[in-house]
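Just below is one structure, and these are the notes that go with it.
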Amino acid sequence: MISLRFHEGTTDEQIQRMADGLLALRNQIGTIRSMRMGRDLRIRPDNFEFSSLTEFDDEAGYLEFRDHPAHQQVVRELIQPIMAERAGVVFLSS
């Protein structure tokens with residue numbers, strides 16, 4: 001799971017392009033089992049602005065996703081330019 005805060009001035013269009021880029025990875029990286037994401041409802045002012053939860057069968061599946069060139073391109077071109085802060089958690093569900 002990742003949560004993001006964006007640089008001031010980031011547009012809705014930039015955030016949508018980022019989300020679309022992430023969602024497109026489902027068709028490119030076979031280890032992705034599910035992917036859900038969304039913008040914060042702004043109920044609490046200290047929350048992050050966006051979160052994405054991507055599920056894999058195992059740690060190896062996550063590592064393939066993390067290092068996949070298509071994912072790295074999305075990070076480099078669509079996430080890093082607008083990201084002010086990132087929080088991440090990688091966990092095994094029970």
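Express in Å², to the nearest 10, the accessible area of H68 obtained by rolling a 1.4 Å probe over the protein heavy atoms while all chains stay in place.
Taking all protein chains as shown, H68 has close to 50 Å².
Test of understanding: extend the Cα→C-beta vector of F91 to 7 Å, then name every residue of region 1-34 with backbone N under 11 Å from that spot.
The answer is 1.
On the protein heavy atoms, probe 1.4 angstrom, tell me the percent of accessible surface of the chain carried by carbon and sulfur.
49
Could you go through region 40-56 in sequence order and give the Karplus-derived ³J(HN,Hα) for each residue, using 6.51 cos²θ - 1.76 cosθ + 1.60 with θ = phi - 60°, rounded to whole Hz, and x for Gly and Pro?
Computed from phi, the couplings for region 40-56 are 5, 7, 6, 7, 10, x, 8, 6, 5, 8, 7, 9, 9, 10, 10, 10, 9 Hz.
Can you list the residues, at least 5 places off or on another chain, whose amide H is less than 5 Å from the amide H of F50, using H built in the peptide plane?
Long-range HN contacts for F50: L4, D40.
Averaged per residue, what accessible area in Å² does the chain show with a 1.4 Å probe, protein chains only? Kindly include the intermediate steps, with their values, before the conclusion.
On the way: 6370 Å² over 94 residues.
That works out to 68 Å² per residue.
With the Cα gyration tensor of region 35-94 giving a ≥ b ≥ c as the square roots of its eigenvalues, does the rule (a/c under 1.5 for rounded; else a/b larger than b/c for prolate; else oblate) give rounded, prolate or oblate?
In terms of gyration-tensor shape, oblate.
Kindly provide the trypsin sites (Lys or Arg not before Pro) of region 11-57 that DSSP labels as loop, not H, G, I, E or B, and whose Cβ sees at most 16 other Cβ atoms within 10 Å.
R33, R42
Give me the percent relative contact order of the chain, please, defined on Cα pairs under 8 angstrom at least 6 residues apart.
45
Probe radius 1.4 Å, ligands and nucleic acids left out: which of S51, S94, S3 has the largest accessible area, and how do the rest follow? All intermediate terms of the calculation are to be shown ahead of the outcome.
Values: S51 40, S94 160, S3 15 Å².
Heavy-atom accessible area, descending, gives S94, S51, S3.
Rounded to the nearest 20 Debye, what is the dipole magnitude of the chain about its Cα centre when Lys and Arg each give +1 and Asp and Glu each give -1 at the C-beta?
Here the chain has a charge dipole of around 160 debye.
Each residue of region 4-10 in turn: what ³J(HN,Hα) in whole Hz from Karplus with 6.51, -1.76, 1.60 and θ = phi - 60°, glycine and Pro shown as x?
Those phi angles translate into 10, 10, 9, 4, 4, x, 5 Hz.
Using the Karplus curve 6.51 cos²θ - 1.76 cosθ + 1.60 with θ = phi - 60°, work out ³J(HN,Hα) for each residue of region 69-81 in order, rounded to whole Hz, and write x for Gly and Pro.
x, 5, 5, 4, 5, 4, 4, 5, 8, 10, 9, 4, x
So for R66, R76, what's the accessible-area order with a 1.4 Å probe, most first?
Result of the area sort, largest leading: R76, R66.
The values are calculated or read from the model by the stated rules, or taken from the named source; none is laboratory data. Here the structure is a predicted model, which is why all the values come from computation and not from measurement. All Cβ positions, even for glycine, are placed from backbone atoms using ideal geometry, and neighbour counts span all protein chains on display. In case anyone asks, the SASA skips ligands and DNA or RNA and just uses the protein heavy atoms, side chains included. Shrake-Rupley method; radii C 1.70, N 1.55, O 1.52, S 1.80 Å.
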